[in-house]
Amino acid sequence: MDKSLNSLDVLRKQIKRAEAQLIQSRTQANTGESDDEVGVLFAGNWHDSIPRRLIVDEELAPVEKTTWMVIRSTINSPQQPGSTPKRADLARSINCSPPTVSTSQAMLRIMRWMCQCKPVRHQGRFVGNILLMSDEPLSLATVLELDDSYIEFLEATARNGNRNSRMRKAAAEKLKEVDASRVDLRQPTQMELMAER
């Protein structure tokens, strides 16, 4: 079958869907105004912006950066949370093993590119975690406020002999930062944050 015909069929379906949505929105609004509402389709390549700071972060391995990008691509609207694919599906997208995905996510959490806000349970059964991602590492104060288990996670990672040495070292460094913050509770000024960037 001709690929262009198949693509044309997909586009025709999209046009039909846009038509139905346009009719539905106009009939529900029922404002009586004569302004034309427009349905818009995008036929180009979908682009996601990637933070430069992530790309040049020397503390993250390429697979960790790719993990961040793939997870970020699941968020299509700032008003709606994304949904992270299962670990095996993520591994296929990133072209690595499922344990490597887990290690990458742990490293992103250590380095504060990702924050675990809340473990979710339904009828006593664990169903997943709510994660927060940012276009730069979150401040220590923000992570400590949102992630009750961050320090415990760092401590367990730093002393866990099963983890790779790079991850243990990173966790130990972040624990030093936590200890220093207990001594110096002053938050950095906006100018200091800009200089750091």
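The values are calculated or read from the model by the stated rules, or taken from the named source; none is laboratory data. Quantities reported herein were computed from a predicted structural model and do not represent experimental measurements. As a convention, Cβ positions derive from the backbone with ideal geometry for all residues, glycine included, and neighbour counts pool all protein chains shown. All accessible areas refer to the heavy atoms of the entire protein, side chains included, with ligands and DNA or RNA removed. Shrake-Rupley method; radii C 1.70, N 1.55, O 1.52, S 1.80 Å.
Neighbours of LYS65, meaning other residues whose beta-carbon lies under 14 angstrom from its beta-carbon, give a summed charge of -4 when Lys and Arg score +1 and Asp and Glu score -1. With 30 Å as the limit, the listed pairs LYS118/LYS169; LYS16/LYS65; LYS86/LYS174; LYS65/LYS169; LYS65/LYS118 have LYS16/LYS65 beyond it between alpha carbons. Taking square-rooted eigenvalues a ≥ b ≥ c of the alpha carbon gyration tensor, is region 59-153 rounded, prolate or oblate, where a/c under 1.5 means rounded and, failing that, a/b exceeding b/c means prolate? Cα axes put region 59-153 in the rounded bin. Work through the residues other than PRO85 whose Cβ is under 15 Å from its Cβ and net out their charges, Lys, Arg +1 and Asp, Glu -1. Neighbour charge sum, excluding PRO85 itself: +3.
Here region 52-166 has 48 percent of its accessible surface on carbon and sulfur atoms, given a 1.4 Å probe and all protein chains in place.
Each peptide among 50-57, 175-182 gets the average number of other Cβ atoms lying within 10 Å of its residues, and from highest to lowest they stand as 50-57, 175-182. Highest-first packing order for the peptide set 104-117, 145-158, 8-21 is 104-117, 145-158, 8-21, based on the mean count of other beta carbon atoms within 10 Å.
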